[in-house]
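Peer 1: Here it is, the structure, as structure tokens.
The values are calculated or read from the model by the stated rules, or taken from the named source; none is laboratory data. All values reported here derive from a predicted model rather than from experimental measurement. With ideal geometry, Cβ positions are generated from the backbone for all residues, glycine too; neighbour counts draw on all protein chains shown. Areas reflect the complete protein model, heavy atoms only, side chains present, ligands, DNA and RNA absent. Shrake-Rupley method; radii C 1.70, N 1.55, O 1.52, S 1.80 Å.
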Amino acid sequence: MKEKFYITTAIAYTSGKPHIGNTYEAILADSIARFKRFEGYDVFMQTGTDEHGQKIEEKAAAAGKTPKEFVDGVAKEIQSIWDLVGVSYDKFIRTTDEYHEKQVQKIFKKLYEQGDIYKGSYEGWYCTPCESFWTESQLVDGKCPDCGREVKKSQEEAYFFKMSKYADKLMQYYNEHPEFILPVSRKNEMVNNFLKPGLQDLCVSRSSFKWGIPVDFDNKHVVYVWLDALTNYITGIGYDVDGNNDELYNKLWPADVHVIGKDIIRFHTIYWPIFLMALGLPLPKKVYGHGWLLQEGGKMSKSKGNVIYADDLVGFFGKDAVRYYVLTAMPQDNDGLISWESVIETINSDLANVYGNLVSRTIAMSNKYFGGIVENTNVNEPVDEELKAVVTSARDKVKAKMDEYKIADAILEIMNLFRRANKYIDETMPWALAKDAEKQDRLKTVLYNLTESIIIGTSLLKPFLTDTADKVSAMLNVKLREYDQADKFGLIDSVKVTETPEILFARLDSAKVMEKVNAMIEERKEKVEVKKEEKKDQPKTHDHTAKEQIDFEDFAKVELRVALVTACEKVEKSKKLLKLTVKLGEETRTVVSGIAGYYTPEELIGKKLTMVTNLKPAKLCGIVSEGMIVCAEDDNGNIAYLSPEKDVPDGSMVF
Ligand code: MSP
């Protein structure tokens, strides 16, 4: 029977579209899962979304949606991005799934009933983005010690988990399982910064917001989002607090590895093991806290329009190139960098020049010299042995790196195989052999050896570059090797390769691609600006509250006049704004008004409207607006402009 391997990713917050950094983690875990399948394990991969909490509640409100509507949208988007980059998950769990919610409630109750959770009151500093309470002494320069952002003073009646009760047991587990935390340096950090100073009891409920799983016996409270989120690893495979576990849970738990980012190692190596101990369950075998993929040249920011998203990268370069870049850009225990330019460079240097070139040259030569037929004529020379040694040892080298979760190094071993094969072409000089009638059999052997090398390297590459591997296999008309044959040279029988090989990775002209990328970034930036300006514009026209009384002098300060619309057009890239040219007697002015949702330009041209003419000019979407059209607005936000009841000359004063 196959040995099981249960691998999970962190579940991503549904607060917004994930950038390439979050997506990296899914690709990383996927490549491990795929390699394990290749090795013959019975792999189960779980990923998903973390959908509760105050931040999400706030984001939903800002988007004018209910939290559930909001998370439904983002969860769908995350899942489609995971699909786009080829994440081969077996389960996509959402923390709003009914089964998960029910189990979290039961877990909370069980822990309460057995005395691990108790009710108390909390006064401290709350960091909303991290959903964490901090004591005064834990703050760093008065800010959140985790993310460095502002914290708010809060007091709450709350439930607490007795963390300290399990601290010794956890330390013992660390000592008995030195492989538990990867990289090892993180273990020392957990021990020295958290365990040794003494674990504080953890606040595991919230009552200051509603969007969470209610504590069913005290529904003023919702379960702390981390207690909710971490349990996904067991609820997703059918854990049941009452003991009616699904077969899947019985087979899979404990997990073989939780793949997570370095920022959430504490949650996974302290809180999570302690929750499991309290539930009487075995602990995961390993927690791998990878580094972060960061943007070269500064932070990604939505307002700068420079956030790098996986779907954009895939649109420009294709799925496998993106997978290759992120996997090779990340050292195991450090951060990695990404920029559009470096992705282009890597595609050109590794995928086009080394791999693509090797495949296309080999196929082209087989076609040119032997009508596409590849067969072994066994005319060997010593240089062949050097090639074979590199090729046949690659599988075990790759496996060794993968066992250590050194993915970039594993891929490097495969690229070394392809580099060696390219060198073999230079050494054997097939074009020279072709000219010599007596060397035809030698030439056949050379091309056979190259084809074998490609197929073995490509079989090893398949967990990382999934589609490319299949394409190469189809072009060579050779099946990819199973794991136990991926270290054996010379298994191909005579084959006929394709006459029309596809270019796997075209060489990219960096300047041309960057022109398009920059245009996309500019367009995004403008969109963000337009949105901001539309927002800025809104309160002025949508304030329906009754105003306090004012003196006539105050009213008289406002200059209102009749304006004739002589021209009108939509403001490009804005859904709400119209640009009007108006005549006020002798004077002509430009006004930008947020009424595009109510009037077409044609409906306004030739009309006389009322306008505030002494407002200070303001820039909207790059256009200077020299006044404001006065409108009536009902409670539903429907808008009507105000026109004089009889015809009066434009420019007439309104009192
Ligand atoms: N919801 C929590 C995880 C709960 S797990 C029970 C969370 N979500 S997250 O959306 O903020 O992050 C999801 C994963 O992406 C985390 O493992 C996080 O470390 C990782 N990354 C976030 N930014 C990243 C990069 N820039 N680079 C690599 N990984 C990144 O944390």
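Peer 1: Please go through region 329-343 and give me each residue that is within 23 Å of residue 458 (Cβ to Cβ) and at pLDDT 95 or above, ordered by number.
Peer 2: Those that are within 23 Å of residue 458 (Cβ to Cβ) and at pLDDT 95 or above: 329, 343.
Peer 1: Also: Quick one: in region 29-46, of everything that is of a type in the set (D, E, K, R) and out of contact with any Lys or Arg (no Cβ under 6 Å at 6 or more places or on another chain), which residue is most open to solvent (accessible area, probe 1.4 Å)?
Peer 2: 37
Peer 1: Filter region 223-256 down to the residues that are over 29 Å from residue 132 (Cβ atoms) and of a type in the set (D, E, K, R), then identify the one that is farthest from the chain's Cα centre (by Cα).
Peer 2: Going through region 223-256, the residues over 29 Å from residue 132 (Cβ atoms) turn out to be 238, 240, 242-252.
After this cut, where a residue has to be of a type in the set (D, E, K, R) as well, the list is 240, 242, 246-247, 251.
Values: 240: 30, 242: 35, 246: 30, 247: 31, 251: 30 Å.
Only one residue tops the list, namely 242.
Peer 1: Only residues that are away from the ligand (no atom under 14 Å from the Cβ) and either in contact with a Lys or Arg (Cβ under 7 Å, 6 or more places away or on another chain) or open to solvent by 10 Å² or more (accessible area, probe 1.4 Å) (or both): list them for region 212-227, please.
Peer 2: Residues satisfying the conditions are 214, 216, 217, 218, 219, 220, 221, 222.
Peer 1: Just checking, which of 472, 398, 446, 374 is over 19 Å from residue 504 (Cβ atoms) and out of contact with any Pro (no Cβ under 6 Å at 6 or more places or on another chain)?
Peer 2: Working: 472 fails: over 19 Å from residue 504 (Cβ atoms); 446 fails: out of contact with any Pro (no Cβ under 6 Å at 6 or more places or on another chain); 374 fails: over 19 Å from residue 504 (Cβ atoms).
So the residue among 472, 398, 446, 374 that is over 19 Å from residue 504 (Cβ atoms) and out of contact with any Pro (no Cβ under 6 Å at 6 or more places or on another chain) is 398.
Peer 1: For region 485-517: of the residues being of a type in the set (D, E, K, R) and in contact (Cβ under 8 Å) with a residue 40 or more places away in the chain, which is nearest to residue 321 (Cα to Cα)? Spell out how you get there, then give the answer.
Peer 2: Going residue by residue through region 485-517, those that are of a type in the set (D, E, K, R) are 487-488, 493, 496, 499, 502, 507, 509, 512, 515-516.
Within this subset, residues satisfying the condition of being in contact (Cβ under 8 Å) with a residue 40 or more places away in the chain are 487-488, 493, 496, 499, 507, 516.
Values: 487: 26, 488: 28, 493: 31, 496: 28, 499: 25, 507: 12, 516: 18 Å.
Of everything passing the filter in region 485-517, 507 is nearest to residue 321 (Cα to Cα).
Peer 1: Evaluate the following for residue 230: is it within 12 Å of the ligand (Cβ to nearest atom) and in contact with a Phe, Trp or Tyr (Cβ under 6 Å, 6 or more places away or on another chain)?
Peer 2: yes
Peer 1: Okay, moving on. Go through 305, 289, 236, 298 for me and flag whichever is within 15 Å of the ligand (Cβ to nearest atom) and modelled with pLDDT under 95.
Peer 2: It is 298.
Peer 1: Need a quick list: helices (runs of 4 or more DSSP H) entirely within region 1-110 having at least 3 residues that are out of contact with any Ser or Thr (no Cβ under 8 Å at 6 or more places or on another chain) and within 12 Å of the ligand (Cβ to nearest atom).
Peer 2: Of the helices (runs of 4 or more DSSP H) lying wholly inside region 1-110, those with at least 3 residues that are out of contact with any Ser or Thr (no Cβ under 8 Å at 6 or more places or on another chain) and within 12 Å of the ligand (Cβ to nearest atom) span 20-39.
Peer 1: Among the residues of region 634-655, write down those that are surrounded by 15 or more Cβ atoms within 10 Å (Cβ to Cβ) and part of a strand (DSSP E or B).
Peer 2: Once the filter is applied, which keeps residues that are surrounded by 15 or more Cβ atoms within 10 Å (Cβ to Cβ) and part of a strand (DSSP E or B), region 634-655 yields 639, 641, 654.
Condition check ((1) assigned to a strand (DSSP E or B); (2) in contact with a Gly (Cβ under 9 Å, 6 or more places away or on another chain); (3) at pLDDT below 85; (4) exposed (fewer than 12 other Cβ atoms within 10 Å of the Cβ)) across all residues:
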position	(1), (2), (3), (4)
546	no, no, yes, yes
568	yes, no, no, no
595	no, no, no, no
602	no, no, no, yes
606	no, no, no, yes
624	yes, no, no, no
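Peer 1: Among the residues of region 118-161, count how many are charged (D, E, K, R), over 32 Å from the mean Cα position of the chain (by Cα) and open to solvent by less than 80 Å² (accessible area, probe 1.4 Å).
Peer 2: Residues that pass the stated criteria total 2.
Peer 1: On the basis of being surrounded by fewer than 22 Cβ atoms within 10 Å (Cβ to Cβ) and without any contact (Cβ under 8 Å) to a residue 24 or more places away in the chain, does residue 75 make the cut? Walk me through it before giving the result.
Peer 2: On the way: surrounded by fewer than 22 Cβ atoms within 10 Å (Cβ to Cβ): yes; without any contact (Cβ under 8 Å) to a residue 24 or more places away in the chain: no.
Judged against the criteria, residue 75 is not a match.
Peer 1: Name the single residue that is farthest from residue 92 (Cα to Cα) among those in region 239-264 being within 11 Å of the ligand (Cβ to nearest atom) and among the β-branched types (Val, Ile, Thr).
Peer 2: So the residue we want is 264.
Peer 1: Find the residue count for region 577-593, including only residues that are within 45 Å of the chain's Cα centre (by Cα) and crowded, with 21+ Cβ neighbours inside 10 Å.
Peer 2: Looking only at that region, the number is 7.
Peer 1: Residues 275, 267: which one is at pLDDT 95 or above, within 14 Å of the ligand (Cβ to nearest atom) and surrounded by fewer than 20 Cβ atoms within 10 Å (Cβ to Cβ)?
Peer 2: 267
Peer 1: Among (1) more than 18 Å from the chain's Cα centre (by Cα); (2) touching a residue at least 24 places away in the same chain (Cβ under 8 Å), where does residue 349 come up short?
Peer 2: Checking residue 349 against (1) more than 18 Å from the chain's Cα centre (by Cα); (2) touching a residue at least 24 places away in the same chain (Cβ under 8 Å), the one that fails is (2).
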